[in-house]
Amino acid sequence: MSLIIRIDVDRPYGRQPFYRHLLSKLSSDLYFPKFERFGYLDELRTMLQWLNHAGAPAHVFFRRCTFPSAEIVELLNEGGHEIGLHLENSRSFAMFTAEKRFLERHCSREILSMSKHGSGGAKYGFHHYAPYEPERYMQWAGQASMRLFLGNLEDPTIEAIRLGKLLAFPSAFWLEPAWRDTAKFPVQWLIEHAGEREIVLLVHPENVLADSQLTAQFKALIGAVRSITIQ
Ligand SMILES: [Zn+2]
């Protein structure tokens, strides 16, 4: 059994320094040109290089403001990673379909997996619809013949469910400690339990790269546990 690595690409320019944080915020509200010279998707690029070096494939979920550049697509292809939709505007099935089609046109491929931006509560950006309604997303994903839904619950003992052709993992092991019971679920817990069944490891590149402890933990995990993708 193995890890399913889930990378949610939330911030086009990461968090640091401040002008990049500001560019990330602005891009999330307005449809902005992408500025390579300010380090567009730098954090994701670094993370993909680590994964490719370790031979560890991942599912990488994009929002409209973080759609992959040609260079990132090349790294994704090299490592055998899957591109997924990080759903932002979840007001209706029509909005979901529009976001999915837009990403499919951008990448010239069918998108078979999805995750949701935000877990309810805070609104992240102008286009974001804040409520977290996993039952609706699973229904939409099934209707759109997708294969994989990765949910935002924070208890990594919750097992996957199958709904027709759709495989759904309601919950994940969040590497960032703000969304994990670190006493109950230390990183060692994941190394031991991913040997018994499939568990989703969720990371955000800008958070992992901003923290040396998280970086070390991520590298240790991809070195210790085999990862797979679902197609
Ligand atoms: Zn997100």
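The values are calculated or read from the model by the stated rules, or taken from the named source; none is laboratory data. Just so we're clear, the structure is a prediction, and the values are computed from it rather than from any experiment. Counting neighbours? That spans all protein chains shown, and the Cβs are built from the backbone with ideal geometry, glycine included.
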The one condition in (1) within 16 Å of the ligand (Cβ to nearest atom); (2) within 30 Å of R226 (Cβ to Cβ); (3) of a type outside the set (A, V, I, L, M) that C107 fails to fulfil: (1)
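Quick one: which of E196, E192 is part of a helix (DSSP H, G or I) and either over 24 Å from R45 (Cα atoms) or touching a residue at least 24 places away in the same chain (Cβ under 8 Å) (or both)?
E192
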Of residues in region 25-44 being within 22 Å of W174 (Cα to Cα) and either surrounded by fewer than 16 Cβ atoms within 10 Å (Cβ to Cβ) or not charged (D, E, K, R) (or both), the one nearest to the ligand (Cβ to nearest atom): L44
Number of the condition not met by Y124 [criteria: (1) at pLDDT below 95; (2) in contact with a strand residue (DSSP E or B) (Cβ under 6 Å, 6 or more places away or on another chain)]: (2)
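Filter region 15-59 for residues that are of a type in the set (G, A, S), on the phi < 0 side of the Ramachandran plot and modelled with pLDDT of 90 or more; which is nearest to the chain's Cα centre (by Cα)?
A58
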Within region 51-70, considering residues that are surrounded by 13 or more Cβ atoms within 10 Å (Cβ to Cβ) and out of contact with any strand residue (DSSP E or B) (no Cβ under 8 Å at 6 or more places or on another chain), the one nearest to Q143 (Cα to Cα): R64
Selection within region 125-152 - without any contact (Cβ under 8 Å) to a residue 12 or more places away in the chain and either surrounded by 17 or more Cβ atoms within 10 Å (Cβ to Cβ) or assigned to a strand (DSSP E or B) (or both): none
Any pair with Cβ under 6 angstrom, 6 or more apart, that starts in region 212-231 at a residue that is closer than 16 Å to H81 by Cβ and touching a residue at least 60 places away in the same chain (Cβ under 8 Å) and ends at one that is in a helix (DSSP H, G or I) and small (G, A, S): I222/A54
Some residue of region 80-87 being touching a strand residue (DSSP E or B) at 6+ places or on another chain (Cβ under 6 Å) and away from the ligand (no atom under 16 Å from the Cβ): yes
Residues of region 79-124 that turn out to be within 30 Å of H53 (Cα to Cα) and part of a helix (DSSP H, G or I), as a count: 7
